[in-house]
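Trainee: Quick one: structure below, then a few questions.
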Amino acid sequence: MDFNFTIIGEYAGLFWEGTLLTIGLSLISIAIGTIFGLLIGLGKMTKNKLVALPFQCYIAFFRGTPLFVQILIIHFGLVPMLTGETNGILAAIIALSLNAAAYIAEIFRAGIQSIDKGQMEAARSLGMTHVQAMRYIILPQSVKRMIPPLGNEFVVLIKDSSLASVIATPELMYYGRIMMGQYNRVWEPYLTVALIYLVLTLTLSFFLNRLERRLKTE
């Protein structure tokens with residue numbers, strides 16, 4: 001295998017810019033997805049079936065269809081409908097956030113339901129409202145149990161952000177594809193991109209594992 005380090009050096013600056021955008025897309029999507037996921041998860045858990053139905057449909061759609069297709073629909077359909085033109089970065093953020101929210105909603109639901117029902121009953125008997133009991137009693141306990149699956153979802157989101165390259169979002173994978181097209185070489189661009197993604201995911205996993213161990217000792 002003839003590996004040319006020279007062309008990697010030529011693209012070093014672009015790979016750096018792409019990595020920064022990949023991190024930015026991931027962080028924003030994680031933040032939005034977590035907020036939406038909590039709300040959707042709580043909505044799905046409501047006892048009123050009519051209220052819960054839209055949340056169930058949302059989760060079923062985004063978990064049951066490919067993220068690739070969702071990105072295309074949002075980029076060529078939703079974003080132009082809202083802004084009048086396509087915008088790769090905006091479409092990527094919306095698609096990644098909405099997709100992550102569906103998975104995070106199930107993580108929140110499972111975490112909340114793993115707490116013994118007696119905790120809620122005890123909180124209500126002390127005069128707390130349902131919202132107060134969720135905020136001060138249930139969620140703090142369930143968060144510790146959610147860290148591992150949430151961490152896995154965050155790692156998956158970083159890797160899934162590479163799909164945004166298909167709509168010309170200038171993130172890491174986009175520049176890998178550009179480099180491959182320019183030099184008609186496979187190993188240099190894709191192994192470099194793979195290595196950078198590996199560093200990002202391993203770094204995130206390291207900090208998440210430390211957080212998990214710290215929460216267990218508290």
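No lab work stands behind these numbers, since they all come straight from the coordinates. Please read all numbers here as calculations on a predicted model, not as lab measurements. Don't worry about glycine lacking a Cβ; one is built from the backbone with ideal geometry, like all the others, and counts go over all protein chains shown.
Trainee: Gain in length, Gln119 to Asp2, computed as 0.36 nm per residue apart minus the alpha-carbon separation, to one decimal in nm?
Mentor: 35.8 nm
Trainee: Sticking with this structure for a sec: Divide by every residue of the chain the summed helix terms, -39500 (n - 2.57) for each DSSP H run of at least 4, and state the resulting mean residue ellipticity at 222 nm, rounded to the nearest 500 deg cm²/dmol.
Mentor: The helix-only estimate for the chain comes to -26000 deg cm²/dmol at 222 nm.
Trainee: Can you give the angle from 0 to 90° between the axis of helix 172-183 and the longest principal axis of the chain, with both taken from C-alpha atoms, to the nearest 10?
Mentor: 20
Trainee: Residue-wise, which Karplus ³J(HN,Hα) couplings in Hz belong to the stretch 38-49, taking 6.51 cos²θ - 1.76 cosθ + 1.60, θ = phi - 60°, and x for glycine or proline?
Mentor: Working through the residues one at a time gives 4, 5, 5, x, 5, x, 5, 7, 5, 6, 6, 5 Hz.
Trainee: Counting just the Cα atoms, what span does the chain cover along each of its three principal axes? Round to the nearest Å and put the largest first.
Mentor: 70, 46, 24
Trainee: What's the exposure ranking of Glu121, Glu85, Glu212, Glu106, going from fewest to most Cβ atoms within 10 Å?
Mentor: If I rank by nearby Cβ atoms, fewest first, I get Glu85, Glu121, Glu212, Glu106.
Trainee: I need His75, His130 ordered by Cβ neighbour count within 10 Å, fewest first.
Mentor: So the residues, fewest neighbours to most, are His130, His75.
Trainee: Arrange Phe3, Phe108 by Cβ neighbour counts within 10 Å, fewest through most, would you?
Mentor: Phe3, Phe108
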